[in-house]
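Taking it in order: structure first as structure tokens, then the write-up.
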Amino acid sequence: MKLVVGLGNPGEGYERTRHNVGFLVVEALARRHDGRFRHAFWRPFRHAACRVEATDVRLIEPTTFMNRSGRAVASAMGRWRVAPEDLVVVYDDVELRLGAVRVRAKGSGGSHNGMKSLAEWLGTRAFPRVRVGVGPRPGGIGLAEFVLGEFEERDVLEMERVVERAADAVESILLNGIDRTMNAFNRPNAENQGERN
């Protein structure tokens with residue numbers, strides 16, 4: 001069993017914001033693999049069950065707000081007895097330009113409040129993650145204002161493209177492992193390759 005967690009904020013007012021790109025990626029995966037999201041009984045997340053080839057996967061959207069995401073992820077990991085190495089977290093990164101996807105096996109989440117919460121609740125930073133570029137942040141705009149803002153109309157097509165590419169990266173982690181996926185998605189000009197296998 002693998003858990004794929006998209007980070008975001010619950011509620012209609014946040015649906016198309018930059019901070020919710022993690023939700024958009026797991027929803028794209030659900031569409032690809034016939035998953036249907038539903039609320040977990042007495043637990044702080046929505047989830048969808050699917051299979052990616054021979055791998056059983058639960059797609060998770062926390063119903064806590066971003067800065068309490070760790071509580072939801074810890075609850076999901078306990079529910080399905082998933083170890084950190086079987087977790088994949090997808091989140092927005094303002095340090096990456098819109099359109100970029102980067103894959104890491106572990107590390108800091110930088111200034112991202114959702115990743116800080118995960119590290120606190122899980123007691124480790126050693127879990128795979130897919131960083132989805134939503135930057136750069138223009139000068140004169142605060143970080144919270146930027147990530148909680150919606151994509152500009154001119155950026156919507158690029159946003160849709162990067163969501164699909166991030167979903168490709170998650171599938172590659174599940175099918176090929178983290179090392180091969182990092183080699184495929186992190187190398188120069190990898191955005192143009194569209195590799196999944």
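For residue 108, which of the numbered conditions (1) more than 20 Å from residue 66 (Cβ to Cβ); (2) of a type in the set (S, T, N, Q); (3) modelled with pLDDT under 95 fails to hold? The single condition residue 108 does not satisfy is (1).
Scan region 126-147 for residues that are more than 18 Å from the chain's Cα centre (by Cα) and among the charged types (D, E, K, R) and the total you get is 2.
Would you mind finding the one in 175, 98 that is within 29 Å of residue 12 (Cβ to Cβ) and of a type outside the set (Ser, Thr, Tyr)?
One residue alone meets the criteria, 98.
Looking across region 47-69, the residues that are surrounded by fewer than 21 Cβ atoms within 10 Å (Cβ to Cβ) and under 21 Å from residue 116 (Cα atoms) come down to 63, 64, 65, 67, 68. Within region 7-18, residues that are within 9 Å of residue 150 (Cβ to Cβ) sit with their Cβ atoms under 9 Å from residues that are modelled with pLDDT of 90 or more and exposed (fewer than 14 other Cβ atoms within 10 Å of the Cβ), at 6+ positions apart or across chains, in these pairs: 16/156. In the set (1) of a type in the set (D, E, K, R); (2) at pLDDT 95 or above; (3) closer than 24 Å to residue 126 by Cα, the condition left unmet by residue 95 is number (2). Only one of the listed residues (78, 99, 114) is small (Gly, Ala, Ser) and on the phi > 0 side of the Ramachandran plot. That residue is 99. All of 108, 75 fail the test of being outside any helix (DSSP H, G or I), of a type in the set (Ser, Thr, Tyr) and farther than 18 Å from residue 27 by Cα, apart from 108. Exactly one residue out of 35, 22 is without any contact (Cβ under 8 Å) to a residue 40 or more places away in the chain and either farther than 15 Å from residue 91 by Cβ or not in a loop (DSSP other than H, G, I, E, B) (or both), and it is 35. Return a yes/no flag: does region 157-164 have any residue that is over 18 Å from residue 6 (Cα atoms) and either in contact (Cβ under 8 Å) with a residue 24 or more places away in the chain or surrounded by fewer than 16 Cβ atoms within 10 Å (Cβ to Cβ) (or both). Within region 157-164, one or more residues are over 18 Å from residue 6 (Cα atoms) and either in contact (Cβ under 8 Å) with a residue 24 or more places away in the chain or surrounded by fewer than 16 Cβ atoms within 10 Å (Cβ to Cβ) (or both).
The values are calculated or read from the model by the stated rules, or taken from the named source; none is laboratory data. Please read all numbers here as calculations on a predicted model, not as lab measurements. Here Cβ is always computed from backbone atoms with ideal geometry, including for glycine, and neighbour counts include all displayed protein chains.
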